[in-house]
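Notes follow the structure.
The values are calculated or read from the model by the stated rules, or taken from the named source; none is laboratory data. Owing to the predicted nature of the structure, the values given are computational and were not obtained by experimental measurement. Using ideal geometry, Cβ is built from the backbone for each residue, glycine included, and neighbour counts are taken over all protein chains shown. Accessible surface is based on the protein model in full, side chains and every heavy atom, while ligands, DNA and RNA are left aside. Shrake-Rupley method; radii C 1.70, N 1.55, O 1.52, S 1.80 Å.
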Amino acid sequence: MALRTIRLEGDPILEKVCRPVKEMTPRLEELAHDMVETMYEANGVGLAAPQVGVLRRMVVIDIGDGNGPYYMINPRITEKDGEQVGQEGCLSVPNKVGVVRRPNHVIAEAYDLDMNLYTIEGEGLLARAICHELDHLDGIVYTTLVEGDLIELDDENEEDEVE
Ligand code: NI
């Protein structure tokens with residue numbers, strides 16, 4: 001496994017729509033594991049493939065609830081309801097957060113690393129992370145969804161959850 005370089009806001013790759021994964025290959029499996037390692041190293045709760053420069057529909061999520069990491073290949077949200085309004089960050093937008101409105105509950109389908117379809121249900125932070133990461137696959141960075149201004153964090157606040 002290896003750490004990958006996280007692309008930062010302004011990099012055009014973050015605004016592109018990713019292609020589906022047709023079959024799992026050793027190379028894509030290595031990418032998935034590298035994404036998890038990179039996410040943990042950066043203290044993030046999620047990471048999408050375009051954030052490490054790969055335009056494939058793959059995300060990893062671990063909100064620290066003991067159930068992660070989730071590997072989500074070709075994910076799609078099948079149900080969403082409720083609403084939450086809260087601060088969100090992104091590993092591609094360091095040291096900033098902004099308020100984003102998201103559904104409070106989502107159900108999504110995705111393939112795992114063996115390309116078996118599974119369902120994931122998330123509330124609160126997990127729902128937020130799923131929405132945030134899936135947006136990345138369509139070239140959407142949360143900064144375009146922020147209500148109000150982005151907030152600059154002090155270095156001491158870097159422990160905030162970032163996606
Ligand atoms: Ni992000």
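Quick look at the values:
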item	result
Count - residues of the range 111-129 that are hydrophobic (A, V, I, L, M, F, W, C) and in contact with a Lys or Arg (Cβ under 9 Å, 6 or more places away or on another chain)	1
When residues of the range 101-156 are limited to those that are of a type in the set (Lys, Arg) and more than 11 Å from the chain's Cα centre (by Cα), the one farthest from Ile73 (Cα to Cα)	Arg101
Cβ pairs under 7 Å, 6+ apart, first in the range 54-70 and at pLDDT 95 or above, second loosely packed, with under 14 Cβ neighbours inside 10 Å and part of a strand (DSSP E or B)	Leu55/Arg19; Arg56/Arg19; Arg57/Arg19
Considering residues of the range 99-154 that are assigned to a helix (DSSP H, G or I) and either away from the ligand (no atom under 16 Å from the Cβ) or over 18 Å from Pro69 (Cβ atoms) (or both) only, the residue most open to solvent (accessible area, probe 1.4 Å)	Thr144
Selected residue (only one of Val54, Val60 is under 23 Å from Pro12 (Cβ atoms) and under 10 Å from the mean Cα position of the chain (by Cα))	Val60
Pair list, Cβ under 6 Å, 6 or more apart: the range 107-133 residue on the phi > 0 side of the Ramachandran plot, other residue of a type outside the set (D, E, K, R) and surrounded by 15 or more Cβ atoms within 10 Å (Cβ to Cβ)	Met115/Met24
Filter result (crowded, with 17+ Cβ neighbours inside 10 Å and either of a type outside the set (D, E, K, R) or touching a Lys or Arg at 6+ places or on another chain (Cβ under 7 Å) (or both)) within the range 60-76	Val60, Ile61, Ile63, Gly68, Pro69, Tyr70, Tyr71, Met72, Ile73, Asn74, Pro75
Verdict on Leu153 being at pLDDT below 95 and out of contact with any Phe, Trp or Tyr (no Cβ under 9 Å at 6 or more places or on another chain)	yes
From the options Pro50, Pro94, residue that is in a strand (DSSP E or B) and either surrounded by fewer than 21 Cβ atoms within 10 Å (Cβ to Cβ) or touching a helix residue (DSSP H, G or I) at 6+ places or on another chain (Cβ under 6 Å) (or both)	Pro94
